[in-house]
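Enquirer: Questions regarding the structure given below will be posed in turn.
The values are calculated or read from the model by the stated rules, or taken from the named source; none is laboratory data. Since this is a predicted model, take the numbers as computed values, not measurements. Please note: Cβ atoms are built from the backbone with ideal geometry, for glycine as well, and neighbour counts cover all protein chains shown. In case anyone asks, the SASA skips ligands and DNA or RNA and just uses the protein heavy atoms, side chains included. Shrake-Rupley method; radii C 1.70, N 1.55, O 1.52, S 1.80 Å.
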Amino acid sequence: MTSSPLRILGIGLATLLAAVIVCCLATQVGSNAMMLLLDRGNVIPEESSIFWFDPYVVNSGSSNYWLYARDRTYYYHFTYLADAPYVYLPVDNTCPGFERGNVRTWCNVRVGGRH
């Protein structure tokens, strides 16, 4: 019994759709894609990835840009500064009194987004 090209195409598209859905559910790619599409001012840091970047504090005003985020390697804080859009530090930092939602407790930060 031979399969028609339409059936093979349908199975291929269904498989691709299932893979995209799994990717969106298992990673941050779905929410990050929406964040980037809905607010052009948003950025994902160069040091991160659309798959693992996870904003955990978002501006509650009219724009939905992230204030604090993390991925597998770093914590990030959006600074609003043109010459230094964000700062970041390793997740496994040794900052005394470190609070991930308070940049004042961060130590030895690195500046990201310089052009």
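Enquirer: Does the range 83-104 contain at least one residue that is among the aliphatic types (A, V, I, L, M) and either touching a residue at least 60 places away in the same chain (Cβ under 8 Å) or open to solvent by 60 Å² or more (accessible area, probe 1.4 Å) (or both)? Give the steps one after another, and end with the answer.
Expert: Start the filter on the range 83-104 by keeping residues that are among the aliphatic types (A, V, I, L, M), which leaves 84, 87, 89, 91, 103.
Within this subset, residues satisfying the condition of being either touching a residue at least 60 places away in the same chain (Cβ under 8 Å) or open to solvent by 60 Å² or more (accessible area, probe 1.4 Å) (or both) are none.
Looking for residues that are among the aliphatic types (A, V, I, L, M) and either touching a residue at least 60 places away in the same chain (Cβ under 8 Å) or open to solvent by 60 Å² or more (accessible area, probe 1.4 Å) (or both), one finds none in the range 83-104, hence no.
Enquirer: Additional query: Exactly one of these conditions fails for TYR65: (1) at pLDDT 85 or above; (2) aromatic (Phe, Trp, Tyr); (3) open to solvent by 40 Å² or more (accessible area, probe 1.4 Å). Give me its number.
Expert: (1)
Enquirer: Name the one entry in THR105, THR73 that is over 30 Å from VAL20 (Cβ atoms), modelled with pLDDT of 95 or more and among the polar types (S, T, N, Q).
Expert: THR105
Enquirer: Condition first: part of a loop (DSSP other than H, G, I, E, B), without any contact (Cβ under 8 Å) to a residue 40 or more places away in the chain, within 19 Å of GLY113 (Cα to Cα) and open to solvent by 40 Å² or more (accessible area, probe 1.4 Å). Now tell me which residues in the range 26-43 satisfy that.
Expert: Listed by number, the residues that qualify are ARG40, GLY41.
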